[in-house]
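Accompanying notes for the structure given below.
The values are calculated or read from the model by the stated rules, or taken from the named source; none is laboratory data. Bear in mind the structure is a predicted one, so any value in this text is a computation, not a measurement. Reconstructed Cβ throughout: ideal geometry from the backbone, glycine too, with neighbour counts over all protein chains shown.
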Amino acid sequence: MAESSIEPGMAGDRTGLGVVAGLLSLLAAPVAHAHPAHAKPVNYPFVVGFERFHSGLDDEDYLAEGGFLLLNELNCVACHAPPEALAEQLAGFVATDLAGVASRLAPLEIELLVRNPRFVKRDTVMPSLFAGPDRDLEEVAALRAWLGTLVAEVPDHPVGDIERGRALYHRIGCVACHAPEAGYRPPGVPENAEIEMAGLASVPMNLADLYDLAALTEFLLKPNEHRPSGRMPDFDLDVAEASDLAAYLKAGPDLVLPPNLSEALAAAAPTPDAALVEKGRELFLGKRCHACHAMPGGEDGTLAGPSSKPLAELDPGTAGGCFSERPVGGAVPFYGLDLVQRRALAAALRRLGGREPLDPAREIDWRMKQLNCHACHERDGVGGPETAREVYFGFRDGAALALGRDGHLPPALDGSGATLTPERLAQVLFGNAAEGSGRPHLLVPMPKFRRAVVEPFEKLLPAVDRASFGRPIRPQ
Ligand code: HEC
Ligand code: HEC
Ligand code: HEC
Ligand code: HEC
């Protein structure tokens with residue numbers, strides 16, 4: 001059990017926190033399997049584009065390309081600045097907006113997330129900053145106290161219907177990225193159709209188990225606000241749909257801790273007072289949480305700039321720093337990278353000097369992998385919905401069956417930049433694809449991504465597709 005080394009007991013401390021640490025070491029992924037629609041978690045940070053396209057290949061150049069994806073999707077570039085020429089390509093992302101975090105998560109859950117996010121979500125991309133041998137649990141307590149004050153008003157959303165939520169989840173496109181529930185037959189799937197197990201890895205989402213029900217509904221209504229990274233798109237749900245989905249996604253067992261652990265944690269938690277809260281606020285900056293999260297309540301630009309060694313100065317051959325298999329402590333985050341990821345990252349670091357800014361065709365490929373457009377769209381023979389997931393792309397009426405795969409699957413994007421008018425392309429990318437669509441039979445919408453992340457496609461697609469007269473050209 002790798003976790004036991006992350007949570008060494010601290011014998012002889014006065015606070016009782018040592019007991020907690022010891023008990024935590026006995027817990028292996030407490031919630032990971034809770035919900036039937038949860039993917040089997042992996043024991044390393046999950047990045048979907050890397051997993052699908054780059055992790056299985058031994059070709060060093062291809063692996064390095066995946067490594068570049070990881071440098072961005074694990075936000076290494078938030079602390080290690082990329083070379084100037086690659087700044088746009090390796091822009092990283094802004095992590096979850098923490099304003100309102102205390103309305104989503106209970107104090108204990110916040111505490112566990114800060115101590116070691118991997119306990120709560122084993123395959124999360126948020127690294128641990130308190131897993132090292134020197135970790136200071138009083139600092140965790142202060143952060144918990146401050147984060148605990150970050151409440152937001154959550155509308156009193158209705159309690160949804162689990163069965164309706166289950167049906168919706170398996171029909172409108174969630175399963176393009178997230179896991180289907182094993183054994184579930186979506187409504188409308190013909191009797192004779194066989195349901196196969198999905199083979200490609202699914203995007204984990206088990207924080208849904210922990211979120212307060214109304215807050216989860218709120219998140220599903222406004223994912224682009226909660227997650228500025230723009231990786232989880234907006235399906236333009238109405239309140240009833242979002243409540244049904246939330247009811248379904250929360251139908252798994254709650255986070256269950258052994259009673260002795262809950263008691264120990266409760267006993268160890270100091271009563272938050274103003275001084276502790278203030279200490280927590282300062283620590284958020286001191287620990288550089290704001291390398292990835294905007295300072296809640298702060299003005300724009302409150303993200304810390306990179307403050308560690310620039311990427312170009314990192315030693316690709318090292319087994320230390322953020323590559324370490326064990327938490328190092330201090331300011332060094334612990335990601336729990338696996339061997340393939342470490343190899344890919346090292347290969348990318350070795351090629352950093354020679355890397356050119358991407359030409360438009362490769363940039364499309366790069367962005368489609370980042371945002372997982374490929375979960376729904378094929379382009380140039382790359383990606384597209386996995387065959388086993390096609391049954392989860394619903395259609396509106398039986399007539400669509402006559403259209404074959406076009407009757408329920410999103411279109412391939414080959415040549416889209418040439419065939420669509422600029423007006424139509426903008427309409428599709430910025431949130432009105434259904435209006436005037438020639439595909440009224442599709443139940444899966446083109447979801448709304450955060451404007452900033454899809455904006456580049458507005459120029460890139462026409463630039464590439466018009467130049468090739470509609471004939472697709474392969475990237476790389
Ligand atoms: C929150 C900030 C932060 C993030 C995010 C981060 N690092 Fe680091 N990293 C550090 C600090 C601090 C050190 C210690 C050395 C220093 O100060 O530069 C370090 C050290 C390293 C080292 C060892 C330095 C050397 O050359 O010996 C490597 C390699 C490294 N990081 C790679 C990565 C990779 C790859 C990622 C993304 C998976 C990453 N880091 C994400 C802060 C960060
Ligand atoms: C294009 C891929 C994609 C689609 C389609 C998608 N999601 Fe997500 N979803 C993600 C990603 C990526 C994340 C993680 C974002 C992050 O790391 O902040 C996420 C996060 C979540 C979370 C937060 C839980 C957690 O552990 O982070 C929930 C809940 C969720 N999705 C539900 C849904 C539902 C319901 C649907 C369908 C209406 C859906 N998703 C469709 C990609 C997708
Ligand atoms: C390298 C970037 C990075 C750093 C540094 C970082 N975080 Fe995170 N954090 C994330 C990401 C990404 C998520 C979303 C994780 C997911 O859904 O799997 C997240 C999620 C969270 C959440 C859950 C919020 C919610 O409502 O779902 C909390 C709480 C949190 N971080 C607190 C912190 C604190 C406190 C620090 C500093 C000690 C910190 N983070 C440092 C990237 C980071
Ligand atoms: C959940 C599935 C899904 C995801 C993820 C998705 N799309 Fe779509 N997309 C669709 C559907 C469905 C349509 C068809 C809309 C219509 O015509 O009514 C579409 C249409 C399009 C079109 C117009 C194609 C044409 O020829 O009419 C473009 C361009 C497009 N999407 C780009 C993207 C990009 C870029 C991304 C990633 C940022 C993306 N899509 C992610 C489902 C998806």
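Are there any helices (runs of 4 or more DSSP H) wholly within region 59-142 with 3 or more residues that are among the small types (Gly, Ala, Ser) and outside the structural domain of residue 202 (by TED's automatic domain parsing), and if so which?
It comes to 60-73.
Specify the residue that is modelled with the highest pLDDT; the eligible residues are those in region 384-410 that are out of contact with any Phe, Trp or Tyr (no Cβ under 8 Å at 6 or more places or on another chain) and among the small types (Gly, Ala, Ser).
The qualifying residue modelled with the highest pLDDT is 384.
One line per residue, one yes/no per condition, for (1) acidic (Asp, Glu); (2) crowded, with 21+ Cβ neighbours inside 10 Å:
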| residue | (1), (2) |
| --- | --- |
| 169 | no, yes |
| 176 | no, yes |
| 183 | no, no |
| 189 | no, no |
| 194 | yes, no |
| 206 | no, yes |
| 225 | yes, no |
| 238 | yes, no |
| 241 | yes, no |
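Out of (1) modelled with pLDDT under 90; (2) in contact with a Gly (Cβ under 8 Å, 6 or more places away or on another chain), what's the single condition that is false for residue 460?
The failed condition is (1).
Could you say whether any residue in region 416-424 is touching a residue at least 60 places away in the same chain (Cβ under 8 Å) and either touching a Leu at 6+ places or on another chain (Cβ under 8 Å) or not polar (S, T, N, Q) (or both)?
Within region 416-424, none of the residues are touching a residue at least 60 places away in the same chain (Cβ under 8 Å) and either touching a Leu at 6+ places or on another chain (Cβ under 8 Å) or not polar (S, T, N, Q) (or both).
Quick check on this structure: which one of 439, 466 is free of Cβ contacts under 8 Å to residues at least 60 places away in the same chain and in a helix (DSSP H, G or I)?
The match here is 466.
For residue 233, state whether it is touching a Lys or Arg at 6+ places or on another chain (Cβ under 8 Å) and under 30 Å from residue 399 (Cα atoms).
Yes: the conditions hold for residue 233.
Which one of these is touching a residue at least 24 places away in the same chain (Cβ under 8 Å), touching an Asp or Glu at 6+ places or on another chain (Cβ under 6 Å) and away from ligand 4 (no atom under 16 Å from the Cβ): 134, 123, 161, 156?
161
Exactly one condition in (1) among the hydrophobic types (A, V, I, L, M, F, W, C); (2) assigned to a loop (DSSP other than H, G, I, E, B); (3) not assigned by TED's automatic domain parsing to the domain that holds residue 220 is false for residue 182; which is it?
(3)
For region 348-388, which positions are part of a helix (DSSP H, G or I) and within 11 Å of ligand 2 (Cβ to nearest atom)?
368, 370, 371, 373, 374, 375
Restricting the search to region 191-200, which residues are in contact (Cβ under 8 Å) with a residue 12 or more places away in the chain and away from ligand 4 (no atom under 16 Å from the Cβ)?
193, 195, 196, 197, 199
Can you confirm whether region 50-62 contains a residue that is within 21 Å of residue 208 (Cβ to Cβ) and more than 12 Å from ligand 3 (Cβ to nearest atom)?
Taking every residue of region 50-62 in turn, at least one turns out to be within 21 Å of residue 208 (Cβ to Cβ) and more than 12 Å from ligand 3 (Cβ to nearest atom).
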